[in-house]
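The values are calculated or read from the model by the stated rules, or taken from the named source; none is laboratory data. Quick caveat, the model's predicted, so the values are computed rather than measured. Cβ: placed from backbone, ideal geometry, glycine included. Neighbour counts: every protein chain shown. Just the protein is used for accessible areas: all its heavy atoms, side chains included, with ligands, DNA and RNA removed. Shrake-Rupley method; radii C 1.70, N 1.55, O 1.52, S 1.80 Å.
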Amino acid sequence: MGFLSPITALIAAGIAVPALVLLYFLKLKRRRVAVASTLLWRRAVQDMQVNAPFQKMRRNLLLLIQLLLLTALLIAMARPTRHAWVEPGEQVILLIDNSASMNATDGRGGGTRLDEAKRRAMDLIDAIEAGSAGNTAGGGTMVVSFAHRAHPVQPFTRDPSLLRLAVRSIQPTDQVTNIGSAIDLVRTFEQSKTGADQGLTVHAFTDGRVRLPASGALSLDGAELVFAQVGSTQPPKNLAIVSFSARRDFERPQRVQVFARVANFGAEAVRANLTLSINGQAVRVEPLNVPPAQPGDATTADAPGTQSVQLDLVLTDSAMIELRHDYADDLAADDAAWLMLAPARRLRVLLVTPGNAFIERVISSVKVRDLVRMTPDKFENQNPMLLSRGGWDSTGLGGSEGFDVIVFDGYSPKQMPTVDSLYLGGVPPVEGLALSPPREGDAATQLVLDWRRDHPIMRYVVLDDVVLAQPGRIALPMGGVVLATGQHGPLMAELVDAAGVRHVMTSFDVLQSNWPLYVSFPVFISNSLQVLGLGNLAEEAGIGYRTGQVAVVPVRDDAEQVTYRGPVPLRGTVL
């Protein structure tokens, strides 16, 4: 123990202590008063003797108390300090999981798992401050919250009050857990250390089921990683809606099929009711009997019991669809799900062709709403901006009429289309994109060697026996996707330009092949029109996002504000 200002305290003591003692040696000046007798004034005579100078002092409790108070003031004036030893550069990082599962109410004392994690982090901060049990942080302590992404809440500091404030400020989220983002952040700090003697200890407070070795810690590139699991060790009492989608019938778009899957993570079977609401009004109630979770072994996690649900509706307009179950579990975040249903819509297609009745009949067979024919010369005289469909709104009417898809038959346009397009034997005017004719020496006929069977446009498309006459090949720029490959290069490809317009191309004239003789050709046309014209709505008629995903909302050029009337109302200004 030492003092920062000992000289100042000694000088003050040399002045204050003698002055206090001197007060008890000074002889008091008394006023002379005439009295009849002094027999009753013996005590006054004794006081006069005490105040005589240089007389021996008697015991005085008041003097002792005053000396003790004066000593305390002098010690405070000296500014005492305590010397403590910590390891140079030792650093501690606290990782606190605030994902959706941390909202479960099976924590200690009936609180949430996040509350328990924050309490245990506070205990560790107290231990670091006291230096107990070898907990030192000479290089400071850092607080990081993580869910879908990791966020530094408090940079490295030695101030425990700032650390406690940072831990208290962590709020729950409904995001999924991605501990990898937190580990990447820790690895960045670990690699930035300059001293070889710097140590780093990472404490992760999470409910993730991380299997640890017997030591209870995992290594992280030279850092010590310690997991502190929070929450109950028993199977959670949770019934969750894990998937939710809707699909319109392509032939009859007013018919909607709603699909959902419910999972039971608990150890007991669950009976509940699933309610379907449209724009806030309950329309269907479906009973649920979900089996319990099956416990895993030493290498696999528990497998939840699941039940799938399918509901059929008739809806022509857009609507907010909500699914909610009534089972009282420990986690409310996954008890409900919402989906924005797009209005029913048939495609409006523009066919640019010098004259091809076969292609026209194939397009008409896939039940488009309108098919408009136009010659290449007439197309070049059009304003490209007026050909674009106006988008859909809450009424489903959209803006200008325009087209959903443009099909170019054996023609490469000179002006860039503003609508998603299909090119049969042609390509759009994109830099780096070209349609190369057959080279001298190429075979007169070619077969398709391979194609992307997993691509939505190539679904159920079979090209095994397709023979092409002088197909040429497509030279693609960066970002292009090859859909089919021949002997000399790409035969079919997809490209999204800088404006976000989607282009699907073939390097051959379909009439110079036997492909129209197979059923896969109208399947390819149907897939292309659906994917290009409906976008994501080709597979799902509902717009929905999982937590952590970025919602992309198309707006008109003249829009000033965007309002979202969902589970949480949002309003934004268009910049």
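Brief remarks on what is shown
- Sites A282 and V176, calculated FRET efficiency, Cβ-Cβ separation with R0 30 Å, nearest 0.05: 0.55
- Accessible surface, 1.4 Å probe, highest first, among residues E268, E116: E268, E116
- Per-q log10 I(q)/I(0), segment 247-360, q = 0.12, 0.14, 0.19 Å⁻¹ (Debye; single scatterer per alpha-carbon; no solvent): -0.59, -0.71, -1.02
- Cβ-Cβ distance of A498 and V372, R₀ of 25 Å, FRET efficiency by 1/(1 + (r/R0)^6): the value works out to about 0.40.
- Counting only protein heavy atoms and using a 1.4 Å probe, the accessible area of D370 comes to about 50 Å².
- Under-5 Å amide H pairs with R373, H placed in peptide plane, nonlocal only: L351
- Largest accessible area first, the residues V270, V242 order themselves as V242, V270 under a 1.4 Å probe with ligands, DNA and RNA left out.
- Extension gain (nm, one decimal) between Q310 and L447, 0.36 nm per residue minus Cα-Cα: 45.1 nm
- Which of H455, H151 is most accessible, then next, and so on - probe 1.4 Å: H151, H455
- Near the amide H of V202, within less than 5 Å, lie the amide hydrogens of I93, E224, L225, V226, all on another chain or at least 5 residues away, with H placed in the peptide plane.
- Oblate is the label for segment 465-530, because the ratio a/c of its alpha-carbon gyration tensor axes (a ≥ b ≥ c) is 1.5 or higher and a/b is not greater than b/c.
- Highest mean packing first, where packing is the average number of other Cβ atoms within 10 Å per residue, the peptides 501-509, 440-448 line up as 501-509, 440-448.
- Listed by chain and number, the aspartates and glutamates whose alpha-carbon sits under 15 Å from that of K237, ignoring those within fewer than 8 places in the same chain, are D106, D207, E268, D302, D326, D329, D330, D334, D335.
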